[in-house]
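Throughout, read-outs are computed from the coordinates displayed, never taken from laboratory work. Only a predicted model underlies this, so the values are computations on that prediction, with no experimental measurement involved. As a convention, Cβ positions derive from the backbone with ideal geometry for all residues, glycine included, and neighbour counts pool all protein chains shown.
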Amino acid sequence: MAQSKHYDLIVIGSGPGGYVGAIRAAQLGLKVACVERGKLGGVCLNWGCIPTKALLHGAELYQEAVTHGTEWGINIDPSAVSVDWDKVMGRSREITGSLNNGVGFLFKKNKIDHYEGHAKITSGRTSATPCTVEISEADDDYYSGTGGKNSGTLTADNVMIATGAAPNELPFPRAMARRSCRATTHSRSPNARSPWSSSVPERSAWNSPTSSTRSAPR
């Protein structure tokens, strides 16, 4: 950023709460900026909810065909069925990529400025001065990062904090911890493979310590 810009509203975070709020505010006539340290759409769209549902849908299709195919008159030999994990993961990433581009399109359509980086509120609004938000380079720690080199400052009359939640770690023994991973690390790994059963140790929408376990096709 060459110089500081002023907005009616700055939205920090572009997940389902952030990008929807930013778009609606712009539709109501406000000048809006959105700061996101990762990809537009946040964890839910890019690494959590949406790609997980895509993977689960593939597993459900497999299970229905192999387990109940004969009921529909479709004879399938389970021992002859194979799973192409590259295509399974690739389809999941294609879906998230399409939705990510969709959010970017809606931002442009509604004239919302998108800033990529780590946002930090440095001062609140007073009777004489607006809110001040410092933008810095995002580091690798998505949930607990503090940002790197300062890249500029924005001001706004209002700030909407839509940073979502961080996952709670399950009380696994250390020996089992290496078998679990977060959505932000597993889903975006090009070499990711699903085990026969996978534990999802986070529910980012609710910050719940509970987990869910699903069986994957063998």
| Most to least packed among 70-79, 48-57, 108-117, 4-13 [average Cβ atoms within 10 Å] | 4-13, 48-57, 108-117, 70-79
| query | Residue by residue through region 68-76, which ³J(HN,Hα) values in whole Hz follow from phi under the Karplus form 6.51 cos²θ - 1.76 cosθ + 1.60 (θ = phi - 60°), with glycine and proline marked x? | reply | 10, x, 5, 5, 9, x, 10, 8, 10
| query | Among the aspartates and glutamates, which fall within straight-line cross-link reach of LYS149, defined as a Cα-Cα distance under 12 Å, with same-chain neighbours fewer than 8 residues apart omitted? | reply | GLU134, GLU137, ASP139
| request: Using amide H atoms built 1.01 Å from N in the peptide plane, name the residues 5+ places from CYS34, or on other chains, whose amide H lies under 5 Å from its own. | output: VAL11, ASP113, HIS114, TYR115
| note | Along region 21-30, Karplus-curve 3J(HN,Hα) (6.51, -1.76, 1.60; θ = phi - 60°) to the nearest Hz, with x for Gly and Pro, reads x, 5, 5, 5, 4, 5, 5, 8, x, 7
| query | Using mean Cβ contacts within 10 Å as the protection proxy, how do 123-131, 162-170 order, highest first? | reply | 162-170, 123-131
| Peptide ranges 137-149, 92-104 listed from the most packed, as the mean C-beta count within 10 angstrom indicates | 92-104, 137-149
| Cα-Cα over 21 Å, subset of LYS5/LYS108; LYS53/LYS109; LYS39/LYS111 | LYS53/LYS109
